[in-house]
Structure formats: structure tokens, C-alpha cells
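Single-structure report; data block below.
The values are calculated or read from the model by the stated rules, or taken from the named source; none is laboratory data. Note that this is a predicted model, so its numbers are computed, not measured. Don't worry about glycine lacking a Cβ; one is built from the backbone with ideal geometry, like all the others, and counts go over all protein chains shown. Ligands, DNA and RNA are excluded from the accessible area calculation, which covers all protein heavy atoms including side chains. Shrake-Rupley method; radii C 1.70, N 1.55, O 1.52, S 1.80 Å.
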Amino acid sequence: MRHRQSPPPGKRQVNFIPSEVVLSLCSSLLVDHNRYGGNTSHKAAFPVQHLSRLYLRPPSSFLAKMANLDGSRSHAGQHELEVAARLQSDSLLLQEVYLRILRSARRIGIGADVLPDFLGLELGGSLYLAGQTELSASDIERDLEPRIQQWAVDRSDVPVALTQKLLTATVRIGQHRFASQVLANHDHRCVFCGMSGRFGGRKHARLLTASHIKPWRTCSNRERLDFRNGLAACPTHDVAFDTGLITVDSDLKIHRSPDLDAALEGEDTFKLGYSFGHPPIATRLILPDHAHSPDTTYLSWHRAHFSPNPR
């Protein structure tokens, strides 16, 4: 890698070495390669540009490798798909291989300015896929069935079991990217009560969740990846929103359901008030100044399906 030179114009790139393949795979946890074409590859998000400079390849090469590894390009061989499926389905193994690459780079003088710890694991963190509790195995299986059948036609060289494993991993990684965007957009705080999932200089991933406003199982592929179709919330308020106990109108005002209001006025007031009183629930979504507001189309869908007459 240190002795690699960029090939002359028109000449074929050298083959990817194992560390490039693994780092390309790890980059897919942050970057959706489908967002970039040949003319926009120079705009690809972090860490693609860092990898491009380190390995002396154009960003488009890393984006193409990412597409190979998730099977969205037919150029990938079965062995490459097997590696991707194996690592993506075992987060501990992927974390260990990633850290080995970073440790090796540091030993030969490649610092964080050249190869950044883009998964944030060098200081003792753990690889965690966000948003997974929203996905059920049955929903994924139902959604993937036509795609698995199509792969059986288009990629008859790939065993069905491998196809299912790879496509399932792709769905879960897409959900992780969506949830990560939602949490970042809301500054890692519950939009209903303001509780932070970040303290002591660290993000505590399981304190907050990022779920779809319009549920994943009813969404189109575009809606599933749209971070404006998501809200960051603490577990209590996430479930309350998911079941219609609280809703949000087009002005981003928070409403409690009639049943919840009645319970708060009854004998359970003392207990429920700690979770659903004003406070801790705000009267309007708590959003940082830089945040993109949730799309009102999704909020309208939620109100129509869960609580058409909130008070």
C-alpha cells in the first residue's frame, strides 16, 4: 500500500487488497453508495475520500466495491459475496478485523488524520447497529421474498442461503444508516422529553432509539431510508408514539391520546405523570436549531392510522 502508485490514465487499477475490501464493507455502515454516480463520486461522504487518498484510488472505485459487496452489481463473485455476508452477519468478527487493520496502520505510522477511526471503536467502543428493534424477522423475510426469487434467476451461481443472508444484512445496514441519521439530526436527544443519549463524552446507544414515523413494513424503499421519516426518542416515548398514545400534528405540537389523558386524570396520575405529564413531555417536538423537521406527510399518516382525534 505504501509503495502503490496511481496507474496512468486509462490503465486498469491494481486489485483490491484485503484491508481495502474490509474498509469498503465497513464504510457501507455510514455511506449509501446508491446516492452517488460516476459524476458525483467526488462528493461521496466520509470516509470514502480518506480511503481514496490513502489507497490511491478514485472514490468511484470504493463505491463500486461497496456495490459489489452488497450484490447490487453483477460483477461480484461468489467468494466476495461470501466474505461480505460472513462479516456483516457477525458484528464482533467485523469489529475485530476492522480494529486489526487500524492497529496495523498505526504501527507503520499511518495516523488518524490519514486513516480515521470512522466507526469510533479504537477507544473501546463496540460496533452497534442502530434501529434494529424496529425490524422483525418475518417482515424482512416477507419483503425479501421477491428479491430472493429474482436473484435465483439473475445470479444462479449464488446459493439461495447466501442470497438470503446477504440481502438480510443489506436491509439491516440500511436501517442502521437511517437510524444513525435520525439520531444525528436530533442531536441524540429524545424529541418528546429532551433526554440525552450522550454524556460522559460518549454516546450510549441503547438509551435512545430511532424509529420510522410511518412504519418500515408499510414503507417504500425510498421512505425507509428517508431520515425525515424518523424520530429519536427514549424507549418509553418511542413505544408511546409507536402505539398512538402520543401523536404529533403538522405544527409539530405533541398530543396525548384521549385514553392517556383520561388515565392521567384518574388514579394512575401519580405514576403516569412522571412519564407523560407536562413535563417531562414537551408541548412541541424538541429539535435542535440545525435539525431538519420530520416530513409532515409521515406525521399525517401516523395520526390517521393511530389516533385520528387526539386531544
Review point. Does R107 fit the bill of being within 21 Å of Q175 (Cα to Cα), out of contact with any Asp or Glu (no Cβ under 9 Å at 6 or more places or on another chain) and open to solvent by 50 Å² or more (accessible area, probe 1.4 Å)?
Key: no
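Listed here are the residues, each with its yes/no results for (1) assigned to a helix (DSSP H, G or I); (2) of a type outside the set (A, V, I, L, M).
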| position | (1), (2) |
| --- | --- |
| M66 | yes, no |
| S72 | no, yes |
| V83 | yes, no |
| L93 | yes, no |
| S104 | yes, yes |
Check your understanding: Any chance the range 193-200 includes a residue that's at pLDDT below 95 and touching a helix residue (DSSP H, G or I) at 6+ places or on another chain (Cβ under 7 Å)?
Key -> yes
Check your understanding: Are there any pairs with C-beta distances below 6 angstrom linking a residue in the range 34-63 that is of a type in the set (A, V, I, L, M, F, W, C) to a residue that is open to solvent by 50 Å² or more (accessible area, probe 1.4 Å), with the two at least 6 apart or on different chains, and if so which?
Key -> L54/V114; L56/S6
**Study point:** Failed item, numbered, when R155 is tested on (1) basic (K, R); (2) in contact with a Gly (Cβ under 9 Å, 6 or more places away or on another chain); (3) open to solvent by 60 Å² or more (accessible area, probe 1.4 Å)
**Key:** (3)
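Does at least one position in the range 42-57 carry a residue that is open to solvent by 70 Å² or more (accessible area, probe 1.4 Å), within 22 Å of L166 (Cβ to Cβ) and in a loop (DSSP other than H, G, I, E, B)?
Initially, the range 42-57 is screened for residues open to solvent by 70 Å² or more (accessible area, probe 1.4 Å), giving 42-43, 46, 53.
From what is left, the residues that are within 22 Å of L166 (Cβ to Cβ) are none.
No, the range 42-57 has no match at all.
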Check your understanding: What are the pairs, 6+ residues apart or on separate chains, where a residue within the range 17-31 that is in a helix (DSSP H, G or I) has its Cβ under 8 Å from a residue that is surrounded by 23 or more Cβ atoms within 10 Å (Cβ to Cβ) and of a type in the set (S, T, Y)?
Key -> V22/Y98; L23/Y98; C26/Y98
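Out of the residues in the range 245-267 that are among the acidic types (D, E) and within 15 Å of L285 (Cα to Cα), which is least open to solvent (accessible area, probe 1.4 Å)? Give the steps one after another, and end with the answer.
Residues of the range 245-267 among the acidic types (D, E): 249, 251, 259, 261, 265, 267.
Add one more test, that the residue is within 15 Å of L285 (Cα to Cα), and what stays is 249, 251.
Values: D249: 27, D251: 90 Å².
Result: D249.
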**Study point:** Single unsatisfied condition, E141 versus (1) more than 17 Å from the chain's Cα centre (by Cα); (2) crowded, with 17+ Cβ neighbours inside 10 Å
**Key:** (2)
Review point. Is there any pair with a first residue in the range 277-305 that is under 11 Å from T247 (Cα atoms) and a second that is acidic (D, E) whose Cβ atoms are under 9 Å apart and which are 6 or more apart or on different chains, and what are they?
Key: R284/D251; L299/D249; S300/D249; R303/D249
Practice item. Say whether the condition of being surrounded by 12 or more Cβ atoms within 10 Å (Cβ to Cβ), in a helix (DSSP H, G or I) and in contact (Cβ under 8 Å) with a residue 12 or more places away in the chain is met by at least one residue in the range 112-130. Key: no
Point to revise | Residue satisfying all of: in the range 228-244; in contact (Cβ under 8 Å) with a residue 60 or more places away in the chain and part of a loop (DSSP other than H, G, I, E, B); least open to solvent (accessible area, probe 1.4 Å) among these | key: G244
Revision key, fill the gap. Of the residues in the range 180-219, those that are open to solvent by less than 70 Å² (accessible area, probe 1.4 Å), free of Cβ contacts under 8 Å to residues at least 24 places away in the same chain and part of a strand (DSSP E or B) number 1
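From H42, H50, which residue is over 20 Å from the mean Cα position of the chain (by Cα), over 22 Å from N221 (Cβ atoms) and at pLDDT below 95?
Numbers: H50 fails: at pLDDT below 95.
Going through H42, H50 in turn, the sole match is H42.
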